[in-house]
Structure formats: C-alpha cells, structure tokens
Amino acid sequence: MKGVVLAGGTGSRIFPLTKVTNKHLLPVGKCPMIYYPLAKLKEAGISEILIVTGKEHMGEVVNLLGSGNDLGLNLTFKVQDQAGGIAQALGLAENFAGKDAVTVILGDNVFEDSLCDFIANYQKQGLGAKILLQQVKHPERYGVAELDDNNQVLSIEEKPTAPKSNYCVTGIYMFDAQVFNIVKTLKPSKRGELEITDVNNTYIQQHNLSADEITGWWIDAGTFDSLKKADDLVRAGKLDEQVLKLLVPCQP
Ligand code: G1P
C-alpha cells in the first residue's frame with residue numbers, strides 16, 4: 001500500500017488567505033494542514049507517499065517537506081498543471097503506484113480516527129475500492145452516498161440539491177491499480193472537472209466498492225468556518241502534538 005495526498009486546487013473559497021500560498025500550507029493548530037494527512041498515513045504504516053499540487057505552489061510544498069527524510073517519510077512530488085479536479089490529480093499517480101493499491105487523502109481533510117483498521121478491512125476485501133462515510137448536518141456540500149437496507153452503497157451524487165442520505169463521502173479513499181484505467185474513461189463534469197465521485201460510481205457499477213463509517217470528528221477544512229472548526233478540534237484534542245510526535249525522523 002502506498003499513499004497519495006492531493007494538495008492542488010485554487011483554494012478559492014478561502015481567498016485571500018490563498019492568494020500567495022497554498023491552502024494545504026495554512027496553519028491548523030501548530031502544524032501546516034498537510035501534516036495531518038501525512039501523519040495519518042505514517043501512523044497506518046504508509047511512508048511511501050506521492051504529493052500532487054499545482055505548479056504555483058510546488059516550490060513552497062517542497063521547501064516545507066523536502067524529501068520527507070526529516071519526517072520519517074519517503075516523498076515523491078508531481079505537478080498538476082491545471083486545476084482539473086481530484087480525479088485528474090489522482091491520474092497523475094499512475095506510475096508512482098505501479099501495481100500497488102493506494103490510500104488517497106485530500107490534503108484539506110483533517111480527522112481524528114486512525115486509518116489502521118480501515119486499511120486492514122480494505123486489505124481483507126481484496127481488490128476494488130473503499131470509501132469512508134461520515135454522517136453530517138449539511139450533506140449537500142459533499143459527495144453523498146445512497147445506501148440500501150444493508151448499508152451497501154447504491155450510488156453517490158456530488159453536491160446534490162436533494163441528498164438521498166446524510167452520509168457524506170469523505171476525502172479518504174482506497175483504490176486498487178484499476179483506478180487509473182477508470183480515470184482515463186472520465187468526462188469533465190458541469191464544473192469542468194474530472195470528479196472522484198464518477199470514479200467511485202464506476203467501482204459501484206462493477207460491484208467492487210465497499211464503505212466504512214468514520215465516527216470520530218472529520219473536517220473538510222476548505223472554507224473559513226471549517227478551517228476555524230478544524231483548528232478548534234485539533235487544539236482541543238491535541239492532535240497537533242500527536243502529529244508532531246509522529247512526524248519525527250526514524251532514529252538509526
Ligand atoms: C470533494 C469531493 C466530494 C467529497 C469532499 C470531501 O469535494 O468532490 O465528493 O465529499 O471532497 O472533502 P470538494 O471539496 O472538491 O468540493
């Protein structure tokens with residue numbers, strides 16, 4: 001299992017904080033936002049990680065993280081030339097992933113739970129995809145899962161006006177190497193992007209997607225309000241202290 005952190009996009013919802021810097025470098029507690037997904041991957045035993053970001057901010061991201069050696073990680077970087085969507089960014093990970101499965105985290109997802117059990121569940125299931133769901137008050141802001149009586153995912157709708165459940169699809173995904181073939185078949189959505197929701201719907205059609213519920217707090221820190229909330233939750237639970245302890249060099 002390898003890791004992919006998607007840290008592109010323009011951060012338009014929190015402009016002008018993102019006028020000169022990348023959203024994923026903004027502070028959350030005592031750490032830059034991108035430390036949180038990196039630490040969650042490391043905690044789950046994944047140290048080989050690809051970071052995808054736009055060309056405007058790659059320099060700053062590399063300045064912060066370097067090769068990853070100082071954080072006990074082995075990092076690779078890939079430039080997304082235009083903000084063409086999450087699935088387009090994921091497509092850039094094809095060579096990095098090779099035949100391996102990947103755990104993909106959106107760089108602005110800050111959350112409490114460890115990924116260890118979810119990844120173990122995914123590995124038991126064999127190939128395919130896994131998504132993590134969370135019950136939220138405003139599902140219309142996210143990808144929303146439609147579930148049957150056995151909690152199997154029937155479909156996912158991206159930011160629906162009439163959500164079919166209150167289960168939002170978090171930005172934490174596990175995929176096998178088939179994901180790259182699926183990305184190549186996608187067409188841009190109404191917002192002109194290749195959507196991760198279309199990737200997941202393809203896995204659903206192939207009966208190859210499972211879902212687990214993530215019950216600890218989870219935040220998509222892409223708006224002013226959610227950025228503030230992530231900061232509050234991180235400080236209250238001292239998640240930043242844990243992350244700083246996790247991301248230290250491995251002693252020889
Ligand atoms: C993206 C995905 C959406 C998902 C969300 C989670 O939305 O498209 O399905 O629920 O991340 O963070 P975006 O933040 O790009 O609007």
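The values are calculated or read from the model by the stated rules, or taken from the named source; none is laboratory data. Given the structure is predicted, the values throughout are model-derived calculations rather than measurements. Glycine gets a Cβ as well: all are built from the backbone with ideal geometry, and neighbour counts include every protein chain shown. Keep in mind that these areas ignore ligands, DNA and RNA; they rest on the heavy atoms of the full protein, side chains included. Shrake-Rupley method; radii C 1.70, N 1.55, O 1.52, S 1.80 Å.
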Check: Does region 116-136 hold any residues that are buried (at least 20 other Cβ atoms within 10 Å of the Cβ) and either within 15 Å of the ligand (Cβ to nearest atom) or over 21 Å from residue 176 (Cα atoms) (or both), and which are they?
Finding: 129, 130, 131, 132, 133, 134
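For region 137-252, give me every one of the helices (runs of 4 or more DSSP H) that falls completely inside it and has 2 or more residues that are within 16 Å of the ligand (Cβ to nearest atom). Let's see the steps before the verdict.
Numbers: elements: 179-185, 196-205, 224-237, 239-246.
The helices (runs of 4 or more DSSP H) meeting that bar are 179-185, 196-205, 224-237.
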Next item on the list: Within region 219-233, count every residue that is open to solvent by 20 Å² or more (accessible area, probe 1.4 Å) and touching a residue at least 12 places away in the same chain (Cβ under 8 Å).
Entry: 6
Next item on the list: Please name all residue pairs, on different chains or six or more residues apart, with Cβ atoms under 6 Å, provided the first residue is in region 194-207 and is among the hydroxyl-bearing types (Ser, Thr, Tyr) and the second residue is more than 10 Å from the ligand (Cβ to nearest atom) and open to solvent by less than 30 Å² (accessible area, probe 1.4 Å).
Entry: 202/182; 203/129; 203/209
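Within region 99-115, how many residues are away from the ligand (no atom under 13 Å from the Cβ) and within 12 Å of residue 175 (Cα to Cα)?
Let us first name the residues in region 99-115 that are away from the ligand (no atom under 13 Å from the Cβ), namely 99-103, 112-115.
Going one step further and asking which of them are within 12 Å of residue 175 (Cα to Cα), we end up with 99-103.
Here the count works out to 5.
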